[in-house]
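Engineer: Sharing a structure, written as structure tokens. Questions coming.
The values are calculated or read from the model by the stated rules, or taken from the named source; none is laboratory data. All values derive from a computational prediction rather than experimental measurement. Cβ coordinates were reconstructed from backbone atoms using ideal geometry, including for glycine residues, and neighbour counts include every protein chain displayed. Please note that ligands, DNA and RNA were not included when accessible areas were found on the heavy atoms of the full protein model with its side chains. Shrake-Rupley method; radii C 1.70, N 1.55, O 1.52, S 1.80 Å.
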Amino acid sequence: MDTITSSGGMVVAPHKAAAQAGADILSEGGSALEAMIAAASTIAVVYPHMNSIGGDGFWLMSEPGKAPKVLMACGSAGSNATVEAYHKAGHEAVPTRGPLAALTVAGTIGGWAKAKEAAQSIGAGKIPNRVLMENAVRYAKEGITVTRSQAALTASKFEELKDQPGFSDVYLKDGAAPSEGDSLRQERLADTLEHLGAEGFDEFYRGDVGAAIAEDLERIGSPVTKKDLEKFEAVFKEPLKTELSCGTIYNAPPPTQGLASLIILGLYDRLGLQPREGFDLVHGAVEATKRAFLVRDRIVTDPNRLPESPRDFLTSEWLDKETGEIDMKRAAAWPQMQKPGDTIWMGAVDAKGVAVSFIQSTYWEFGSGCVLPKTGIIWQNRGASFSLRQDALNALEPGREPFHTLNPAMARLKDGRTITYGTMGGEGQPQTQAAIFIRHVLNKMPVGEAIDAPRWLLGRTWGEDTTALRLEGRFDPDLVKALERAGHEAIQIPEDYSDMMGHAGMISRNPRGGLEGAHDPRADGGAAVA
């Protein structure tokens with residue numbers, strides 16, 4: 001696929017309407033932060049199967065000459081989300097759909113509020129919220145065109161979604177899954193977004209919108225209360241980082257799996273492999289992934305409950321030692337437990353070099369499946385990642401933050417480039433991040449080619465149970481056989497471009513302000529320039 005170039009600003013997103021909404025704000029003189037708010041509101045309307053304002057969000061943002069920072073806009077478990085309550089209701093595990101799956105506060109709007117404040121702190125943030133919401137409101141009122149992926153996912157998850165509160169009224173057509181090209185209107189969501197644009201994002205938690213959300217959540221039986229909403233606030237934190245031969249890479253701290261994404265690249269870089277495609281690339285990245293996931297599954301949880309410091313696993317000493325454990329001729333034993341998930345990633349860079357790597361999600365496709373009638377909001381099921389075992393690392397408890405697959409990425413290279421990149425795909429996010437980073441930065445592929453190139457996935461995603469190593473159909477069959485001989489349980493899937501491999505995007509900014517960007521041909525999006 002082609003790499004898009006610009007010097008005036010760029011937004012990449014998995015839906016063209018969201019990319020253009022962000023680019024429009026850049027063209028009006030807005031910052032990358034404001035552009036991302038516009039893109040985020042629009043993607044929540046036009047890509048409802050992948051994200052919602054009833055979900056969570058994470059921002060990794062940077063200004064030239066300043067250290068990047070992370071905005072954590074993730075909610076915690078509601079006051080009534082106790083292990084005892086779920087056991088009393090007859091559940092041995094947290095349900096993945098329905099009101100009892102809608103058990104955490106939605107944090108993404110709180111992230112928009114803090115991002116707007118951050119824009120104002122750097123002399124931007126002058127574009128009114130109502131303008132930032134305009135595209136989203138228009139699409140919700142006039143109707144969205146159902147994409148291929150929305151139609152396919154609604155059909156595949158129809159049985160578990162059709163009877164959830166409010167779902168059929170908005171996202172089905174005459175009781176059936178919509179077809180690609182159908183039009184769907186979201187009038188209540190339009191009203192909500194319009195109200196937030198006029199009255200402020202704080203309304204979502206402590207205003208009329210928050211009151212309506214709380215009433216609907218109580219009515220359907222969610223454990224989230226009005227007080228839970230009222231006390232939520234997104235927070236800035238220092239990102240995790242580690243050093244590679246080419247520069248410094250950054251990602252979000254727990255409860256996200258950003259640690260795993262950094263470990264994978266830290267290990268791969270130390271393997272010292274030549275910049276080429278083939279067995280060494282795939283095997284090396286997969287073996288690094290296994291070691292990263294073992295650490296992730298052992299320590300990543302609510303940041304107030306961490307059993308070990310994530311930064312201990314990002315030092316040169318630990319990474320050097322762990323790299324020595326990787327056998328470049330033989331696959332390590334696998335599998336481990338895997339975590340599914342669905343989301344969106346978007347990136348924005350403005351003409352001044354302010355960069356944003358952003359991710360927004362409801363966890364699974366359509367989240368809990370619950371659509372709140374007064375506001376039209378789909379509520380997330382992020383809390384389904386909690387365990388009802390009291391001794392588990394991620395045990396359910398009111399006020400506790402759940403494990404997040406979400407992890408926005410960024411790199412500052414020694415040659416002066418800033419790389420903003422990421423993907424959706426749950427368990428596959430760290431793997432896809434590694435694939436596009438290795439190919440563009442280490443193997444020097446153009447951005448578009450790096451994103452287009454065939455990808456692999458170790459483990460389960462998109463509701464499938466296999467833990468095998470799956471490879472897209474464009475890989476050389478001889479490579480698949482070589483991986484099998486090395487001990488991998490390798491499966492070549494028929495699709496040349498598969499959704500299960502994530503919807504990735506990247507923007508590279510050079511020291512002169514030149515931008516190169518692209519978004520995944522596996523999605524419905526692209527790059528838009530100011």
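Engineer: Please pick out the residue among ARG311, ARG296, ARG330, ARG305 that is among the basic types (Lys, Arg) and surrounded by 19 or more Cβ atoms within 10 Å (Cβ to Cβ). Show your work before the answer.
Structural biologist: Values: ARG311 fails: surrounded by 19 or more Cβ atoms within 10 Å (Cβ to Cβ); ARG330 fails: surrounded by 19 or more Cβ atoms within 10 Å (Cβ to Cβ); ARG305 fails: surrounded by 19 or more Cβ atoms within 10 Å (Cβ to Cβ).
From the options ARG311, ARG296, ARG330, ARG305, the qualifying one is ARG296.
Engineer: Restricted to the range 83-103, and to residues that are among the charged types (D, E, K, R) and in a loop (DSSP other than H, G, I, E, B), which residue is least open to solvent (accessible area, probe 1.4 Å)? Show your work before the answer.
Structural biologist: Looking only at the range 83-103, we keep the residues that are among the charged types (D, E, K, R), and these are 84, 88, 92, 97.
Imposing the further condition that a residue be in a loop (DSSP other than H, G, I, E, B) reduces the set to 92, 97.
Values: GLU92: 153, ARG97: 26 Å².
The residue in question is ARG97.
Engineer: Scan the range 216-228 and tell me whether some residue there is touching a residue at least 12 places away in the same chain (Cβ under 8 Å), touching a Ser or Thr at 6+ places or on another chain (Cβ under 8 Å), farther than 30 Å from ALA409 by Cβ and open to solvent by 60 Å² or more (accessible area, probe 1.4 Å).
Structural biologist: Looking for residues that are touching a residue at least 12 places away in the same chain (Cβ under 8 Å), touching a Ser or Thr at 6+ places or on another chain (Cβ under 8 Å), farther than 30 Å from ALA409 by Cβ and open to solvent by 60 Å² or more (accessible area, probe 1.4 Å), one finds at least one in the range 216-228, hence yes.
Engineer: Being touching a Leu at 6+ places or on another chain (Cβ under 7 Å) and at pLDDT 95 or above narrows it down to one of MET72, MET133, so name that one.
Structural biologist: Values: MET72 fails: touching a Leu at 6+ places or on another chain (Cβ under 7 Å).
The conditions single out MET133.
Engineer: Another question about this same structure. Considering only strands (runs of 3 or more DSSP E) fully contained in the range 1-79, which possess at least 1 residues that are in contact (Cβ under 8 Å) with a residue 60 or more places away in the chain, surrounded by fewer than 24 Cβ atoms within 10 Å (Cβ to Cβ) and in contact with a strand residue (DSSP E or B) (Cβ under 9 Å, 6 or more places away or on another chain)? Write out each step before concluding.
Structural biologist: Details: elements: 4-6, 9-13, 56-62, 69-73.
Answer list for the range 1-79: 4-6, 56-62, 69-73.
Engineer: On the basis of being β-branched (Val, Ile, Thr), assigned to a helix (DSSP H, G or I) and closer than 16 Å to ILE264 by Cα, does VAL441 make the cut?
Structural biologist: On the way: β-branched (Val, Ile, Thr): yes; assigned to a helix (DSSP H, G or I): yes; closer than 16 Å to ILE264 by Cα: yes.
Judged against the criteria, VAL441 is a match.
Engineer: Same structure, new question: Inside the range 176-211, can you point out the residues that are among the charged types (D, E, K, R), touching a strand residue (DSSP E or B) at 6+ places or on another chain (Cβ under 9 Å) and either surrounded by 17 or more Cβ atoms within 10 Å (Cβ to Cβ) or under 18 Å from LYS116 (Cα atoms) (or both)? If you could, list the steps in order and put the result at the bottom.
Structural biologist: Filtering the range 176-211 down to residues among the charged types (D, E, K, R) leaves 180, 182, 185, 187-188, 191, 194, 199, 202-203, 206, 208.
Still in the list and also touching a strand residue (DSSP E or B) at 6+ places or on another chain (Cβ under 9 Å): 180, 182, 185, 188.
Within the range 176-211, ARG188 is the sole residue that qualifies.
Engineer: Can you find even one residue in the range 308-326 that is closer than 30 Å to TYR47 by Cβ and either assigned to a loop (DSSP other than H, G, I, E, B) or of a type outside the set (Lys, Arg) (or both)?
Structural biologist: Just the residues of the range 308-326 that are closer than 30 Å to TYR47 by Cβ, to begin with: none.
Checking the range 308-326: not a single residue is closer than 30 Å to TYR47 by Cβ and either assigned to a loop (DSSP other than H, G, I, E, B) or of a type outside the set (Lys, Arg) (or both).
Engineer: For the range 249-265: of the residues being in a helix (DSSP H, G or I) and not aliphatic (A, V, I, L, M), which is nearest to VAL70 (Cα to Cα)?
Structural biologist: The qualifying residue nearest to VAL70 (Cα to Cα) is GLY258.
Engineer: Could you list, in sequence order, all residues of the range 453-488 that are assigned to a loop (DSSP other than H, G, I, E, B), modelled with pLDDT of 95 or more and open to solvent by 70 Å² or more (accessible area, probe 1.4 Å)?
Structural biologist: Of everything in the range 453-488, those that are assigned to a loop (DSSP other than H, G, I, E, B), modelled with pLDDT of 95 or more and open to solvent by 70 Å² or more (accessible area, probe 1.4 Å) turn out to be ARG474, ASP476.
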